[in-house]
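What follows is one structure encoded as structure tokens, with my remarks underneath.
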Amino acid sequence: MLFNVLSVLLLVIASIPLIKASLKKNISTDEQKMLLQRGSLYLLAGIVVVASLYFLLDFVTEYFWFSQLGYSERFLTVIWTRLLLYFAGALFAGAFLYSNYAIVCSRFGLRRFGYGFYIIGFVALLLGFWPASLWNEFLLFINQVTSPVEDPIFGRSVSFYIFSLPIYSFLVGWFTVILLGGDCCSHNLKCRTVFSTKKFLSEYKS
């Protein structure tokens, strides 16, 4: 209970610079953007610290529990698999979204390391949790065995439906989400560019 209260307090403190930056007035647009980016970094750092503390507390508790039962190796296998899947998923999602973001920025003459860059990083960190949650399915897929029983309709081994199909279904859904995210990012940047151009032209004519 005390740890939860401290975590909430830490997140509130980390969000103060972002709140102050959003409420500030009578400052230039560039200065406000810089303050918003800095506040977002503070909030992101606070989220990472809280998540790391939760993970560390859970890790130590679970490790001692499994060690007492003699299953520490099994526990470490699960942990390393989840970490590997998380970082692989987050890096792939971040690389794909940022490449799409960079192409649109270069085409419309926008800054690559603007506010959208940090949003992409945050989204990529969130997308890493999806493959990490399927650690059991990935381990079953890697260590699958062939069953002599075959499906009477498609003639496939039953092991395909037990070990392989869940991973293939996940990959289809995951790639669909990433593609939709990249498309939404591109559409948002295009709308911002068109809006800024129309605003500039209207001000120039007036």
So, in segment 51-90, how many residues would count as being open to solvent by 60 Å² or more (accessible area, probe 1.4 Å) and in contact with a Gly (Cβ under 8 Å, 6 or more places away or on another chain)? 1
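Could we say that Val48 is among the β-branched types (Val, Ile, Thr), modelled with pLDDT of 80 or more, open to solvent by less than 90 Å² (accessible area, probe 1.4 Å) and closer than 30 Å to Trp174 by Cα here? Spell out the reasoning first.
On the way: among the β-branched types (Val, Ile, Thr): yes; modelled with pLDDT of 80 or more: yes; open to solvent by less than 90 Å² (accessible area, probe 1.4 Å): yes; closer than 30 Å to Trp174 by Cα: yes.
For Val48, the condition - among the β-branched types (Val, Ile, Thr), modelled with pLDDT of 80 or more, open to solvent by less than 90 Å² (accessible area, probe 1.4 Å) and closer than 30 Å to Trp174 by Cα - is met.
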Checking the structure you have, find out if any residue of segment 90-99 is of a type in the set (Ser, Thr, Tyr), outside any helix (DSSP H, G or I) and out of contact with any Ser or Thr (no Cβ under 9 Å at 6 or more places or on another chain). no
State whether one or more residues within segment 66-82 are within 28 Å of Leu179 (Cβ to Cβ) and at pLDDT 80 or above. yes
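Kindly provide the set of residues from segment 148-174 that are hydroxyl-bearing (Ser, Thr, Tyr) and either in contact (Cβ under 8 Å) with a residue 24 or more places away in the chain or assigned to a helix (DSSP H, G or I) (or both), ordered by number. Can you show your working first?
First, pick out the residues of segment 148-174 that are hydroxyl-bearing (Ser, Thr, Tyr): 157, 159, 161, 164, 168-169.
Once the filter is applied, which keeps residues that are hydroxyl-bearing (Ser, Thr, Tyr) and either in contact (Cβ under 8 Å) with a residue 24 or more places away in the chain or assigned to a helix (DSSP H, G or I) (or both), segment 148-174 yields Ser159, Tyr161, Ser164, Tyr168, Ser169.
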Go through segment 141-162 and give me each residue that's open to solvent by 60 Å² or more (accessible area, probe 1.4 Å) and farther than 29 Å from Leu180 by Cα. Asn143, Gln144, Val145, Thr146, Pro148, Val149, Glu150, Pro152, Ile153, Phe154, Arg156
I'd like to know if segment 48-60 contains one or more residues that are in a helix (DSSP H, G or I) and farther than 22 Å from Leu125 by Cα. yes
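What are the residues in segment 167-183 that are surrounded by fewer than 16 Cβ atoms within 10 Å (Cβ to Cβ) and either at pLDDT 90 or above or not charged (D, E, K, R) (or both), if any? Before the answer, list the steps.
Restricting attention to segment 167-183, the residues satisfying the condition of being surrounded by fewer than 16 Cβ atoms within 10 Å (Cβ to Cβ) are 168-169, 171-173, 175-177, 179-180, 183.
Of everything in segment 167-183, those that are surrounded by fewer than 16 Cβ atoms within 10 Å (Cβ to Cβ) and either at pLDDT 90 or above or not charged (D, E, K, R) (or both) turn out to be Tyr168, Ser169, Leu171, Val172, Gly173, Phe175, Thr176, Val177, Leu179, Leu180.
The values are calculated or read from the model by the stated rules, or taken from the named source; none is laboratory data. What you are looking at is a predicted structure, and each value in this text was computed from that prediction instead of being measured. Glycine gets a Cβ as well: all are built from the backbone with ideal geometry, and neighbour counts include every protein chain shown. Calculation scope for accessible area: heavy atoms of the full protein, side chains included, ligands and nucleic acids excluded. Shrake-Rupley method; radii C 1.70, N 1.55, O 1.52, S 1.80 Å.
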